[in-house]
Structures are given as C-alpha cells and as structure tokens.
Amino acid sequence: MRVWRGLWRAVSSGDGAAHGGRPRRRAWETSLSPLERVRRLLPPEEAAAVGRCAAAPQVPPEEEEATAPQVSLEEAGARPGPFRAGELALAEVRRKYNATLKLLCRLAAGSVLASPRGLLPHCDIIGQLPGQMLRTSAGAPLLLRRPSLEEYVLLMPRGPTIAYPKDISAILMMMDIHPGDTVLETGSGSGAMSLFLSRAVGPKGRVISYEIRDDHHNLAKKNYRHWRTAWEIGHMEEWPDNVDFILKDISTAAADMKSVTVDAIVLDMLNPQSALPVVHPSLKQGGVCAVYLANITQVIDLLDRIRTCKLPFLCETIIEVTYRNWSVLPAKIKNCKSSQMVENQENIEEPPQKEYEEIHIQDQAVLKESEYNESLSDDAETYCSVPYVARPSYWQDGHSAFLTKLRKFRPLLSSCC
C-alpha cells in the first residue's frame, strides 16, 4: 500500500510536464467550469484570448433590452388586432347536430349582423379583437374572426361555379409558381383563381385574366376589389394590385399574346382546346399549362386535339383531388350520455359536475344548448381514458373537377394545326 501511495505522489507532484504542461486537477478540487475546460484544451495564446473575452464586462439583461433599438409593430410586420369599419368579419354560428354556419359581413357603424340565433350590431364588433365570443340579442354566442382567403372565396358572391380551394392548391403546385412570375388565366369566372394567383406571384408578379362574358368579368373585378380593400383596412398593408382583367375571347387574342411571355397558364373554360393554339407560343419552354375540366370526356377531347394538331405539349398527369372527412367522437352508450361522463361518475365519489346531454345524429355529437358553456369549462375536462369511435364521415365532398397538367416542350420538327 505504501508503494502505491508513493507512486501516486510521484505522478501527481511536479509541474505537470507529463500532461502537456497543464496542472492536473485533484479529486478534492472543485469541478471545472465549461469555460475552464475549453481553455485547458486550447494552446496557451488562444487560452489567454478566451480569458480576456470572459473578463469583459457583462451587460445585465434589463439594460440590454433598454439599449436595444425599439421596433414598432408596423416595422416588425405585426398585424394590428381590433376590427375596423370597412373590413370583412366572419361569424361562426353553432347550429344543431354540431353544424357550424359561417356568415361573412362587411363591418359598418350602422349595420347589424343577422343570424339564426339573433342580431348583433356591427358597432359591438368594431374595436374587438378577432377570436372573441360575442353574444347576440338572443344570448347565443358567436365567434368573430377575420376570414381567410379560402373562406372568402367560398362565401363571396358568385355567378359561375368557382374553382374550389382544394383544386386551386393542387394547380398552384402543378405550375410551381414563384413570386415575380407572369401567369395567364383564361376564364375569370367569379375571381377565385385570380385571387390565389395574385397572392402566389406577389407584388412583383403579374396575372393576366381573360373573360368572354361581361357579367362574369365585372363580378370577378368586384370580388377582387372588395378583398383588396378589406385586406388593407384589416392588416394595415396593401394587397398587390397585380391582376389585369381583360374582357375578350382568348381565341381571338392571338395578336395580343404575341408580345407576352408567361411562365404558366391556367385554362378554366368549356373548350380549352380552342385556346391552346393561341396561348402556347407565349408560354416559355418547359412551362406548365394546367387545365381545369369538370368531365373526363372533356379531358379526352383536349388530348385528342393536342394529338391531331401536333401541339408541343406533353400530358404529365391527370388527377382528381378528393378529401375524406373523418368523425372522431366519444363512444355512445345506451342511456344517451357520453362515455366520458359515465366514467367520471364511476371514478369520482364526489358529486359530479353538471351533466350535459349529447344528441347523436349520424356521426355528429351536439351538446345541449342550455348547458353548452358549462361543458366547455376547465372543471369538466378530464384526462382519463375514454373510448372513442373514429370512422369516415357520412358526409363526404363530391367530385369537383379533373386537373390536367400539360408541359410545353421543344419539338424536333415544328408543325402547326
């Protein structure tokens, strides 16, 4: 034992030359800080530089925040909160069978929002923050918030059938549109596609929208103008004015298209094959032409026209966008009460919270209206194991359209129809 102690003293004593000139830390010494560990791994000159940086005076967090440059909400891009007169507001009304009715209105000081559950003056909405629950004259709660572009497109006035947002998102992915691109649209309709294209190309981009019918042309311009005005009032920033609505038949606009080069094309019309010979010279090589058609027979006619006329287009994909809605609800038992409430009564000896009834109609569960607020309280929430039933909803979205993706290529031998 004495021999081992002597060897330990011999190794641990001295100037530490066996360890690269660095002193060896004893077991009884305090543990090294992270900075000291880094310093011992560095060469002497770099370790000294680290020490000088560590010795620099530290600024307290409160003083650092005080000296930091202050940025206003507008400079930081933060969106202002309260509703203002002239902008759009969306009211969600809970109806029977867990259904939700959405009402879109433009706020004005002397107007009133009429809902199936009562009236709500616009003056009670103006100045409130979005996302709040307000009560109507009948005492029913309404959720007020700003509409998204998808909701505005679905609720705005329409003449022809719109291109639905689920299809528009797929079309935007097909064309791979970037900010600053120029896109040609044939068939303005009610302006749904124009609004999404306007947001996709950004302030530096451009959307050229052709429409043959005068009423559709005016309606698309009106919906586009109303959204821009409401956006500027509610978000304190301007929506890009980058859509040119042109009232003209695209099949007769060959002279106008000669001086235009577009990055992508959207055809939303009954006979898109009549427009392809006119618009394809303006499409850049490798660009995408997305065609929105309701029937598969129209897709066949389109492809047949491309083949017979030998147009420089390759058909890459033909898809149908479908959504599958699901219903996830607590399991129903025979006494028409939720399994969550039954389990609470069995596991808790204290008197339970005020019960609420559930009416199960098909795959919907509706809370009893008089006790709706009590069921949403924190005291009624439980985190115990509750059986749930998950299945596809009985109500599914139907077919909307077929989306055809055409890619322009450069043929070896040019030919025309």
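Among ILE125, LEU104, SER137, flag the residue with its Cα farthest along the positive direction of the charge dipole of the range 88-147, charges on Cβ as +1 for Lys/Arg and -1 for Asp/Glu.
LEU104
Whole angstrom only: what separates the Cα centroid of the range 134-174 from the Cα centroid of the range 249-311?
Centre-to-centre (Cα) distance: 30 Å.
Ranking LEU302, LEU42, LEU90 by Cβ neighbours within 10 Å, fewest first, what do you get?
LEU42, LEU90, LEU302
Quick one: SER198, SER148, SER393, fewest Cβ neighbours within 10 Å first, how do they rank? Walk me through the numbers before you get to the answer.
On the way: SER198 25, SER148 11, SER393 14.
Neighbour counts put them in this order, fewest first: SER148, SER393, SER198.
Which of ILE168, ILE233 comes first, and how do the rest follow, when ranked by fewest Cβ neighbours within 10 Å?
Details: ILE168 25, ILE233 17.
Ranked by crowding around the Cβ, least crowded first: ILE233, ILE168.
Among 150-156, 289-295, 315-321, 185-191, how do they line up from the highest to the lowest mean number of other beta-carbon atoms within 10 Å? Please report the intermediate quantities before stating the final value.
Numbers: 150-156: 18.1, 289-295: 21.4, 315-321: 13.7, 185-191: 26.3.
Highest mean packing first, the order is 185-191, 289-295, 150-156, 315-321.
Under 8 Å for C-alpha pairs, at least 6 residues apart: give me the relative contact order for the range 95-179, rounded to a whole percent.
Across the range 95-179, relative contact order equals 17 percent.
Among 131-137, 221-227, 282-288, how do they line up by average Cβ neighbours within 10 Å per residue, starting with the highest?
Values: 131-137: 13.4, 221-227: 18.9, 282-288: 16.9.
Highest-to-lowest ranking by the protection proxy: 221-227, 282-288, 131-137.
Mind listing which GluC sites (Glu not before Pro) in the range 209-293 are in a DSSP loop and have 16 or fewer other Cβ atoms within 10 Å?
Answer by residue number: GLU237, GLU238.
Would you mind checking the pairs LYS222/LYS284; LYS222/LYS248; LYS102/LYS221 and listing those with alpha carbons more than 27 angstrom apart?
Going by Cα-Cα distance, LYS222/LYS284 fall outside the 27 Å limit.
All of the numbers you see were taken from the coordinates with simple rules; none came from a lab. Everything numeric in this text was worked out from a predicted model, so none of it was measured. Here Cβ is always computed from backbone atoms with ideal geometry, including for glycine, and neighbour counts include all displayed protein chains.
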